[in-house]
1. Can you give the charge dipole size of the chain about its Cα centre, rounded to the nearest 20 debye, using +1 on the beta carbon of Lys and Arg and -1 on the beta carbon of Asp and Glu?
2. Which order do the peptides 177-183, 27-33, 48-54 take when ranked by the mean count of other beta-carbon atoms within 10 Å per residue, highest first?
3. Distance between Cα centroids, region 1-50 to region 261-338: provide it in whole Å.
4. What whole-number value in cubic angstrom gives the convex hull volume per residue for the C-alpha atoms of region 192-338?
5. Rg and Dmax in Å for region 224-299, alpha carbons only: what are they?
6. Each residue of region 203-210 in turn: what ³J(HN,Hα) in whole Hz from Karplus with 6.51, -1.76, 1.60 and θ = phi - 60°, glycine and Pro shown as x?
7. With +1 on each Lys and Arg Cβ and -1 on each Asp and Glu Cβ, how big is the dipole of region 1-43 about its Cα centre, in debye rounded to the nearest 20?
8. Spelling out what I want: for every residue of region 6-14, take phi, set θ = phi - 60°, compute 6.51 cos²θ - 1.76 cosθ + 1.60 (Karplus), and round to whole Hz; glycine and proline get x.
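Each value in this text was obtained by applying a stated rule to the coordinates, not by laboratory testing. As the structure is a prediction and not an experimental result, all values here were calculated from the model. Neighbour counts are summed over all protein chains in view; Cβ atoms, including those assigned to glycine, are modelled from backbone coordinates with ideal geometry.
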Amino acid sequence: VTDFRSDNTHGASPEILEALARIAAGTITSYGNDEITARLRERCRALFETDLEILPVSTGTGGNALSIAAMTPPWGGVFCHDDAHIHRDEMGAPEFFTNGAKLFPIPGPNGKLEAATLAGVIDDIACEGRTAKPSCVSLTQATEAGTVYTPDEVRALCDVAHAHGCRVHVDGARFANAAVSTSASLADLTWRAGVDVLVFGATKNGALAAELIVMFDQSLADELRTRWHRGGHRYSKMRFLSGQFDAYLTDDLWLRNARHANAMAARLAAAMPEVLMPVEANVVFARLAPATIAKLRAQGFLFYDWPLFGEGAVRLVCGFSTAEEEVDALVAALNSAR
Ligand SMILES: Cc1ncc(COP(=O)(O)O)c(C=O)c1O
């Protein structure tokens, strides 16, 4: 069986498992007041070249909902792309954690929000003054369509957000894939462009379950820490959450894993004239004939239909453990199934 369903179907990197086995010995301070969490905070400060605060969580949904809630009152408006995970896949968690804020999904080509469109939508909501109070703009990096915002694109969106009194949240479930896709520094991709909070993912790229809320706007830290605790995300044995992330950042494991996943997606896309979007990270969307899809599935290839992108659309995701041979097998099967 060759699995292109999701990066979540991949297991965990041995480096992370070995690190957890090492740090399992002995006693250590609980609830995040441990030296591993402190080291992780320092590592992040060095990596992003700025002062910042962190909160480890075990799901992306939790990280997104908590961060957005810290920026958005119950009467607030949250602006996101129409494909956004927070809009389509989180069972109303952002609405729940904000106590009822309203999400405004906005269309845009290739899974990306565009600054002019965003400004128009926020202006309309702000002017009429009776739907919601614009509070937060949420971007996904890399996007749900497998594309990547450039630092200039992030800056343009952040400028619009800040000019309208909104803060900016980035859903970085695939932030590693975005980071290796651009030559930009992490600082240029985030806080220097105006990002206030990044939810930095590791689960999809080699961790067991670890995401990190990275607060560049530290005025949010007190409230977010309280929400994190109250929302049930404060692990008692935090060493195991922080330890996953610490190992993820050690010896560039996160970059190596993401580079590999992106390279596998590029290899696949290069052999597929049917691609639907620019392949800039580790996800390939393509439109295939129903007979081709059936033949691939009959040979055991696993992948999801993606009706959001129209009839015949499929999503093919490469992960950190996708082998070159698996990509080549899919390409060969496609060549004989078309
Ligand atoms: C864009 C995006 N954001 C966030 C998540 C995180 O979701 P989870 O709560 O399953 O960790 C995912 C996972 O599929 C995702 O694709």
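1. Computed about the Cα centre, the dipole is about 580 debye.
2. 177-183, 48-54, 27-33
3. Taking the Cα centre of region 261-338 as reference, the centre of region 1-50 is 30 Å away.
4. 161
5. 19.7, 53
6. With coefficients 6.51, -1.76 and 1.60, one gets 4, 5, 10, x, 8, 6, 5, 7 Hz.
7. Using Cβ point charges on Lys, Arg, Asp and Glu, region 1-43 gives about 80 debye.
8. Once rounded to whole Hz, the list reads 6, 6, 6, 7, 7, x, 10, 5, x.
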